[in-house]
1. What's the number of the only condition in (1) modelled with pLDDT under 70; (2) touching a helix residue (DSSP H, G or I) at 6+ places or on another chain (Cβ under 8 Å); (3) aromatic (F, W, Y) that Y76 fails to meet?
2. Taking the criterion of being closer than 30 Å to D119 by Cβ, without any contact (Cβ under 8 Å) to a residue 60 or more places away in the chain and among the acidic types (D, E), would at least one residue in the stretch 74-95 satisfy it?
3. Could you please give the count of residues in the stretch 68-92 that are surrounded by 15 or more Cβ atoms within 10 Å (Cβ to Cβ) and within 26 Å of the chain's Cα centre (by Cα)?
4. Quick one: in the stretch 96-116, which of the residues that are in contact (Cβ under 8 Å) with a residue 12 or more places away in the chain and polar (S, T, N, Q) is surrounded by the fewest Cβ atoms within 10 Å (Cβ to Cβ)?
Amino acid sequence: MTYLRTPSGEAGDEDRPVVRSKTGGIFGEACWGTPPNREYIGNDKTIFLEDHTGRFKRLLLAGRESDMVLLGVLTYALLDMATANTFVAIFAAYAMDVGVRKVRAELATKNIAAKTLLDDRFLL
């Protein structure tokens, strides 16, 4: 990790967060997802853990756009064949897409509220 130099030339490490990998072990951060241990670094430092498993990326739609498009196309195609009415198939595919997005947003809000110890009323 590189630190930016201050105008006077010193590194300015005192206000930088600590970025490190998760520690292993049976009861470590990597296996059980426990919070970082502050006794080694101090309570005034911010600790960021690297996300090698991609849990944060999976929270977003990152990598799922093609799946969502495929779901919409297949829903439209199957409903168009079943009803022989294009308007009904388009409306149902749109309603399904809105429903999936609402459910996903609600689950994401509950997940963030649970993992950050914030009440979900404070999340927008």
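1. (1)
2. The initial filter retains those residues of the stretch 74-95 that are closer than 30 Å to D119 by Cβ, namely none.
No, the conditions are met nowhere in the stretch 74-95.
3. The total comes to 2.
4. Taking the candidates together, the pick is N111.
The values are calculated or read from the model by the stated rules, or taken from the named source; none is laboratory data. Just so it is clear, the structure is predicted and the values come from calculations on it, not from any experiment. Note that each Cβ is placed from the backbone with ideal geometry, even for glycine, and that neighbours are counted across all protein chains shown.
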